[in-house]
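Student: Let me give you the structure first, and then I'll get to my questions.
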Amino acid sequence: MRTRNSGLSIIIVSVCAAIFLVMSIIGGIHDLTARTAPVETASDGEVIEYDAYYALEVWEISHKLFGFIPTRQEHFYLTVSEDGAEQYLVMASKRWFEDNFDSEGLARGGDVHITALLRRTAPKSGLYTREINGWLSDSGVSINEYLYSDLNFKMVGVLKIVAGALIIVIAALIITLVRLHTLQMLNSKVGTALTSGLIVSILALAVILVWFI
């Protein structure tokens, strides 16, 4: 019974790893190869470009592991073109805002060119609450509440691909170490080096996963 349960656990873990691998690679490639579309007709998964004259931080989401370990923060800014035709909610770093806009939200040295990937807001917990919807309504801002623009989409795409590659490396290392164990060579220099590589790979993957949580 124990052997059967162990075998079932290995199958479940393998299937989950395979699904994660495929989703990571496909998601990363999609982010890096997304086509640019006109802002008037762009939809989820497409890249838009426009010039922002004004930006204002309107929302911040703090992510925590297990509910109490801080992992990262997401900052959302309302960006508006000089003629007001383009108004988008953009996810970007605090540094990006400080480098490109002054304390009043005006672009430094002319309009700021934005290239971002449109993503759906539905999975973003806490993004559109009563507070922010009320603020948008009172301010007379007209934006698509189902989409936001991700300025960091290229970095996210690379991280997804790296995560997929790490899954492959980890699987290869585990298979090799199992083979070395069968040959009673696990404690050799090669076995020690591969074990260290496995630990480092797992830690690197864990860091990426935590960043996405």
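Student: With (1) modelled with pLDDT under 90; (2) under 20 Å from Y50 (Cβ atoms); (3) within 19 Å of the chain's Cα centre (by Cα) as the list, and E145 as the residue in question, which single condition is left unmet?
Tutor: That leaves (3) as the condition not met.
Student: So, one more: For G197, are the conditions met, namely being surrounded by 15 or more Cβ atoms within 10 Å (Cβ to Cβ), under 21 Å from M23 (Cα atoms) and of a type in the set (G, A, S)?
Tutor: In short, no.
Quick grid of which residues meet (1) of a type in the set (S, T, Y); (2) in a strand (DSSP E or B); (3) at pLDDT below 90:
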| position | (1), (2), (3) |
| --- | --- |
| T115 | yes, yes, no |
| K124 | no, no, yes |
| E131 | no, no, yes |
| L136 | no, no, yes |
| K154 | no, no, no |
| Q184 | no, no, yes |
| V207 | no, no, yes |
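Student: Report, by residue number, each residue of the range 55-98 that is over 16 Å from M155 (Cβ atoms) and aliphatic (A, V, I, L, M).
Tutor: The answer is A55, L56, V58, I61, L65, I69, L78, V80, A85, L89.
Student: If you don't mind, another one. State which residue is nearest to L147 (Cα to Cα) when the search covers only the range 24-51 and only residues that are in a loop (DSSP other than H, G, I, E, B), acidic (D, E) and modelled with pLDDT of 80 or more.
Tutor: Among those that are in a loop (DSSP other than H, G, I, E, B), acidic (D, E) and modelled with pLDDT of 80 or more, it is D44.
Student: May I ask you to verify whether A193 is out of contact with any helix residue (DSSP H, G or I) (no Cβ under 8 Å at 6 or more places or on another chain) and modelled with pLDDT of 85 or more?
Tutor: For A193, the condition - out of contact with any helix residue (DSSP H, G or I) (no Cβ under 8 Å at 6 or more places or on another chain) and modelled with pLDDT of 85 or more - is met.
Student: Could you check the range 168-189 and list, in sequence order, the residues that are touching a Leu at 6+ places or on another chain (Cβ under 8 Å) and exposed (fewer than 13 other Cβ atoms within 10 Å of the Cβ)?
Tutor: Result: S188, single match.
Student: Going by the structure shown, is E60 surrounded by 10 or more Cβ atoms within 10 Å (Cβ to Cβ) and at pLDDT below 80?
Tutor: So E60 fits the description; yes.
Student: Taking L21 as the residue in question, decide whether it is within 18 Å of the chain's Cα centre (by Cα), closer than 26 Å to Q73 by Cβ and surrounded by 15 or more Cβ atoms within 10 Å (Cβ to Cβ).
Tutor: No; evaluated as a whole, the condition is false for this residue.
Student: Of everything in the range 28-45, what is surrounded by fewer than 17 Cβ atoms within 10 Å (Cβ to Cβ) and not hydrophobic (A, V, I, L, M, F, W, C)? Give them in sequence order.
Tutor: H30, T33, R35, T36, P38, E40, T41, S43, D44, G45
The values are calculated or read from the model by the stated rules, or taken from the named source; none is laboratory data. What you are looking at is a predicted structure, and each value in this text was computed from that prediction instead of being measured. Positions of Cβ are backbone-derived with ideal geometry, glycine not excepted, and every protein chain shown enters the neighbour counts.
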